[in-house]
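The values are calculated or read from the model by the stated rules, or taken from the named source; none is laboratory data. Remember, it's a predicted structure, so these values are computed and weren't measured experimentally. With ideal geometry, Cβ positions are generated from the backbone for all residues, glycine too; neighbour counts draw on all protein chains shown.
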Amino acid sequence: MNPLPLNLLPPGADYAAVMPLLWAFAAAVLVLIAEMFWPYRSRRGVGWLTIAALLAIAVLGRAPSEAVYFGPIALDGFSGWCNGLLCLVAALSVLMSLDTLEVNGVTRGEYYPLLLFAVAGGMVMAAATDLVVMFLGLETMSMAVYVLAGMGKARRRSNEASLKYFLLGAFASAFMLYGIALLYSQAGSTDLAAMAGLAGEGGTSAVTRLGAALLLVGFGFKIAAVPFHLWAPDVYEGAPSPVTAFMATVVKAAAFAALLRSVLLAMPWVAGELQTPLWVAAAATMTVGNLAALRQRSLKRMLAFSSVAHTGYLAMAVVAGTSEAAAALLFYLAAYAAMNLGAFAVMMLLADRGRPAENISDLAGLGRARPLAALAMTVCMLSLTGIPPLGGFVAKVSLFGAVLDAGFYTLVVVAVLNSVLSAAYYLGVIRAMYFDDADSVAAGGASAASRVLPSRPALTVSILLAALAVVLIGLSPSPLLGSSLRALASVAGF
Amino acid sequence: MVSAESWLRWIPLLPLLGAVLHVAVGYRVGRRATGVLACSVVGVSFLLALRAFSALVSAPEGAVLADDVYRWIAVAGFNIDVRLVLDSLSVVMCLVITGVGFLIHVYSTGYMAHDDDYARFFAYLNLFTSAMLVLVMADNLVLMFVGWEGVGLCSYLLIGFWYTDTAKASAGKKAFVVNRVGDAAFVLGTFLLFWALAPGASELGASDLGASSLRFADINAAAPGLSPGLVTAAALLLFVGATGKSAQIPLFVWLPDAMAGPTPVSALIHAATMVTAGVYMVARLNGLFEAAPAAMTVIAWVGAITALMAATVGVVQNDIKKVLAYSTVSQLGYMFMALGVGAFGAAVFHVMTHAFFKGLLFLGAGSVIHALHEEQDIREMGGLRAKTPVTWATFAVATLAIAGVPGLAGFFSKDAILAATFAGGHYGLWLIGLAGAALTAFYMTRLLRLVFFDSFRGDRERGEQAHESPRSMTIPLIVLAVLSVAGGYLGVPHALGGHDALGSFLAPSVSSAAHAGHALQLSMAVEWLLMLVSTTVVLGSMGFAWKLYAAGPDADVVVRGALGRAWQWMASAWRVDEAYERLLVRPIGRGAGFLWKSVDLGLIDRFADGVAMTAGVLAETWRRWNSGSVQHYALSLLAGALALVAAVLLGGGG
Amino acid sequence: MSELVFYLLAAITVLCALGVITRPNPVHSALFLVMTLFMLAVFYIILEAHLVAALQIIVYAGAVMVLFLFVITLLNLKGDPDEPAHPLLRIVAYAVAATLAAGVAIVLMGDAGVVPGGAGAGAVLAEGFGGTRALARILFTDYLVAFELTSVLLLVAVVGAVVLAQREPVAEAPLTETGEDA
């Protein structure tokens, strides 16, 4: 009986690969403890600590020139890129929540550590080269977000959102696990490297395809693709707004990052074998999202459906399956995060008698009351519509172009028509801000000035940062586009 | 012969700078400073455009000024530069945009003098000018699209400018959404060309040009080598985009509604510049369109039919701006007809003269509306000749110019179009054009007589208070009137002893290499004959209208009686709006409503809020869960999974 | 012989699992779940994974299920919910689930290597397989990352449970008093 070896490491382990994750988890625990002993009534300081931690991890999480591995964790260009995106976007979402947590009913300081745990889980998803580890990252992130969604504890909607998201999320996770188990039965391993070999001479076996399909059901739920999207509007609407902003950007980005690495890159046969269902799902997702968004009166719910629609655009990259499309997807995620955060931040500027005001009609008159914020919102809405020269336009051009290059003409036509349709409801927001003032005042509604929160510097700064990012990404996309291409090129075996 | 001129970027940048300054400090510096700033940035742009023009005139034929600003988007196989170019075609457009734009800015300082949001108005106007300049100076389709969307956006903002009025806001929205439909076609056409010109797309007849940059020069050069089907498809898609921006059948419906905006906006955007963007785009891509004869035929016929149809609608309108709006649609139709028969130079000539006289007409209409305190119904006008002499005189000049009376600008440009149509053997189109000219002469004479002659018919008090507009408004009118006369002499045809100076200046830009020297020449005698015919028709029609409307607006009854059922159709603009409402708007609305009701009810709204989470609530929620939406959602998830699995099992196999 | 035992046990397991989702009384459902988990432990024993089998009984069938029963009793969830699901919904749900199960079963049956007696049968197990030492070795080498991640996941779950379960001190949450739309 030999004693266990003292070196308890997986073969070929390099600590450098897990350092970003360790920093992230350490930061989460640190903030958790700091929050407990925080001496002041206001927990803004904890928020600033969280932002500092996220920025530090964004720097520490950069990839070395040569990819390093620690068992099933890779630190290559791809995970380095995703670390940066997730941390920066999360930092911005924390910045905008500093002023708005209380009005949204979030009174507990665990908000910050849970958010950090969610980011750390997302980083695991982007870095995992093993399906089980990816799944654990996904569950870590999801568990934190289930709780975050319910942090407006005094609000029924928030509780319900949390419970609904949890129950359905668990259901979807079961599908995903089943899929992983079936893939394991075929490959004899959950390692992504083994997945590429599943396509033999005569294509893949039925069990392999079944496994991949069930895995995609799980991903489809997380990214809110039709028909697995039904939770999204309810949960987005019910969750406190800062959490919704986080979900719509960070969680979506992490889910797409994992989808990219685990399916698109590791199982290149999926794009071929599941082409038709994926095609239909992408087209249906954008169409259903856009049509449903047309009729919304709640800005939050409209943004939820808009998020579904953008999932549809992003899913086209999975259909195309080329490296250009994947790079465009990464770029799109960054641009989408900026413009979506901007929209949520402006929405959080509004409050009516101490409660968040979340209807499109509440924006009436913002153009006069807060010209700069209204301008930022206009920029974000135009970018979401895809008007040049903003970030959303460049993102759409590069993504649609890549999908076209892969030969999916009809899908691109559907997407272009959809983005025309989307103009109608994004424009409604601009119209409300600039044109609806007099109408609402005449009808006895409160004027916009009374709905805007008193001076909130952190929120204002985050609005401007988001709008600035949208404009900069649009005017000078080359650095970001180039980095996303390099990020993909670094993934081993692709 | 491309010379690098890094100062070109300032032509669009200056107005942009002006717009930014208006937003940043406009509320603090007062009206006078705002007005001066707004006019001067456009004025300086005009001077820069003049400098470019003189450089191009003295340079050898076919010279191009270019300014490489930076590489914008660089993805694999896709390099888009921000590169501005001025050749003879775009410099003419630039001069019109900045020149007429400058005059309209000056006019607006008077017209908007009493508006609360002076700075915001000029911010939009400057921004529009900047976007329009980007549109014409762009050297590739994607950069042009930046200007294309920019002008659409400014148009939307300016139509809804007086935002107290919901109708105006929805007119703006309609303009934007209709334009987005055209834009979708534009984007699809761009993607098609991108794909066709991309490396490795050699099958299907696509060419291989290295990284696709979508430059106009490359597209024009490559078009003849591509497969005809592909070129035709791309040309038609781009043309649909043009019909959106330039208000042609089937997407013209937004322009008449766009008249809700302030009148200088109608003059600048909806008459002189933005609406000609489609014409400019087709002229810019002449190589592509010439390689697609089928598309050219479609363009010519759409243009001709639009010209005739809009003219018929113009006859029965009573709102002064609506008459001018349909007249604009009709004149744009002429331009497309010219494009369709390959007379790109004639089309651009008409763009220019039309900018002069239609800008003048709108500004004159604005002056009348201003004088009568927002009265727009021509039945309530009359006899304004004495009260507003400058407006009357300039308006009359513009009327004669647009009608095509010999010696004025409209005569030369319209004649150039009709002659080119005839020379190309398109006699049907020529006849339609002639009929349109007769109608134009008719409704313009009706307008002139009802507004300025006979006695005032409206509210007495209003009539007495009517007054001439301030100098800031009348001076632009006078300048434009001079241009409406003189502008035509840039293109005097050879038959009249001229040199067609504009035509030969434009020639290198608008005739692709394959068609160089291919001129549509008629013999002197035929050309004279054509002019004689059209002049006779125009003068006859004017005389008829003049006589008829001596009776005032009551003469409409005669017209109505003569037209019978057709009158109904004309009065409702051939019911195109109604058709859209029935066939598109309502079904989409119903679809969205169906989704809203059936799929997206949500459980949330049925709950009472404000109770903290307790064990009791948990139990309650648990019960709800058993019968509520979560179950439906879960079932949908299950069904989706089933569908996916079924697709995998039944569809997959190899 | 062993195959016969396997199918017998498998049938019992599936019946118990069906009991979990068909019993109207939540206590009965929970007890069926205990049974199902026990049966799974039996399978682990058949596969010579003795430690996993023991853990299965101690952790799941024991601790977790006791907690479940506690919660059910505390919440007083007895009998049918007030508003039973729409019968049509119920039928559709059964139909969809049954079709999905059938589809999956067809695929698995049709593919050798998954069903017992297939390609994997008769493989020789390493010495000490299923014992504590072998499991520990693999857990702390190949599956170290997954193992540590699981601990993070549990930490998040604990924090979350505390956040959601703890009552709010009213003074700290003035907004709760204003409430929301009715």
* **Subset of the range A:155-184 [crowded, with 19+ Cβ neighbours inside 10 Å, farther than 26 Å from A:A304 by Cβ and among the small types (G, A, S)]** => A:G179
* Structure fact -> A:V416 meets each of (1) modelled with pLDDT of 90 or more; (2) outside any helix (DSSP H, G or I) with one exception, condition (2)
* Would you confirm whether any residue within the range A:356-364 is crowded, with 24+ Cβ neighbours inside 10 Å and among the small types (G, A, S)? => yes
* Asked: So B:I80 clears everything in (1) farther than 20 Å from B:Y280 by Cβ; (2) in contact (Cβ under 8 Å) with a residue 12 or more places away in the chain; (3) buried (at least 20 other Cβ atoms within 10 Å of the Cβ) except one condition, right? Which one?
  -> (1)
* Asked: Which pairs do you get when a residue that is within 11 Å of A:S323 (Cβ to Cβ) and β-branched (V, I, T), found in the range A:479-494, comes within reach of a residue that is modelled with pLDDT under 90 and part of a helix (DSSP H, G or I), reach meaning Cβ atoms under 7 angstrom, with the pair 6+ apart or on two chains?
  -> A:V491/A:L265
* Which ones in the range B:370-399 are aliphatic (A, V, I, L, M) and over 23 Å from the mean Cα position of the chain (by Cα)? -> B:A371, B:L372, B:I378, B:M381, B:L384, B:A386, B:V390, B:A393, B:A396, B:V397
* Residues of the range A:58-82 that turn out to be buried (at least 24 other Cβ atoms within 10 Å of the Cβ) and under 23 Å from A:T244 (Cβ atoms), as a count -> 1
* Please work out which residue is surrounded by the most Cβ atoms within 10 Å (Cβ to Cβ), limiting yourself to the range B:41-59 and to residues that are farther than 14 Å from B:L13 by Cβ and of a type in the set (S, T, N, Q). => B:S54
* Structure fact -> Sole miss for B:P553 among (1) at pLDDT 80 or above; (2) in contact with a helix residue (DSSP H, G or I) (Cβ under 6 Å, 6 or more places away or on another chain); (3) over 30 Å from C:T73 (Cβ atoms); (4) not assigned by TED's automatic domain parsing to the domain that holds B:V329 is condition (4)
* To do: From A:A317, A:A282, A:A304, grab the single residue that is within 18 Å of A:F256 (Cβ to Cβ), among the small types (G, A, S) and touching a Gly at 6+ places or on another chain (Cβ under 6 Å).
  => A:A282
* In the range C:128-168, the residues that are more than 7 Å from chain A (Cβ to nearest Cβ) and charged (D, E, K, R) -> C:R133, C:E148, C:R167
* To do: Among the residues of the range A:10-29, write down those that are surrounded by 16 or more Cβ atoms within 10 Å (Cβ to Cβ) and at pLDDT below 70.
  => A:P10
* To do: Kindly establish whether B:L125 is over 30 Å from B:E61 (Cα atoms), in the same structural domain as B:L483 (by TED's automatic domain parsing), modelled with pLDDT of 90 or more and within 20 Å of the chain's Cα centre (by Cα).
  => yes
* **Top-ranked residue of the range A:96-116 - restricted to ones that are touching a Leu at 6+ places or on another chain (Cβ under 6 Å), within 9 Å of another protein chain (Cβ to nearest Cβ) and crowded, with 24+ Cβ neighbours inside 10 Å, ranked as nearest to A:Y40 (Cα to Cα)** => A:P113
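Yes/no per residue for (1) assigned to a helix (DSSP H, G or I); (2) buried (at least 19 other Cβ atoms within 10 Å of the Cβ):
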| residue | (1), (2) |
| --- | --- |
| B:W10 | yes, no |
| B:A24 | yes, no |
| B:L65 | no, yes |
| B:R71 | no, no |
| B:S108 | yes, yes |
* To do: For the range A:390-407, name all the residues that are among the aromatic types (F, W, Y) and touching a Ser or Thr at 6+ places or on another chain (Cβ under 6 Å).
  => none
* Asked: So is A:P268 under 29 Å from A:A74 (Cβ atoms) and surrounded by fewer than 24 Cβ atoms within 10 Å (Cβ to Cβ) or not?
  -> yes
* Asked: Which ones in the range A:152-164 are assigned to a loop (DSSP other than H, G, I, E, B) and at the interface with another protein chain (Cβ under 7 Å from one of its Cβ atoms)?
  -> A:K153, A:A154, A:R155
* To do: Consider A:L329 carefully, then state whether it is modelled with pLDDT of 90 or more and part of a helix (DSSP H, G or I).
  => yes
* Structure fact -> Expected output for the range B:185-196 (first residue farther than 10 Å from A:V413 by Cα, partner among the hydroxyl-bearing types (S, T, Y) and outside any helix (DSSP H, G or I), Cβ below 6 Å, 6+ apart or cross-chain) is B:F194/B:S212
* Do we have any residue at all in the range A:302-314 that's over 28 Å from A:D191 (Cβ atoms), crowded, with 24+ Cβ neighbours inside 10 Å, more than 15 Å from the chain's Cα centre (by Cα) and at pLDDT below 95? -> yes
* Asked: Residues in the range A:125-182 that are without any contact (Cβ under 8 Å) to a residue 24 or more places away in the chain and of a type in the set (V, I, T): how many?
  -> 1
* Looking at C:A54, C:A95, C:A30, which is the one that is modelled with pLDDT of 85 or more, within 13 Å of another protein chain (Cβ to nearest Cβ) and assigned to a helix (DSSP H, G or I)? -> C:A95
* Asked: Restricting the range A:125-151 to residues that are β-branched (V, I, T) and at the interface with chain C (Cβ under 7 Å from one of its Cβ atoms), which is nearest to A:S185 (Cα to Cα)?
  -> A:V132
* Given (1) in contact (Cβ under 8 Å) with a residue 12 or more places away in the chain; (2) assigned to a helix (DSSP H, G or I), where does B:V482 come up short, assuming only one miss? -> (1)
* Structure fact -> The lone condition B:G407 fails out of (1) surrounded by 24 or more Cβ atoms within 10 Å (Cβ to Cβ); (2) closer than 25 Å to B:L530 by Cα is (1)
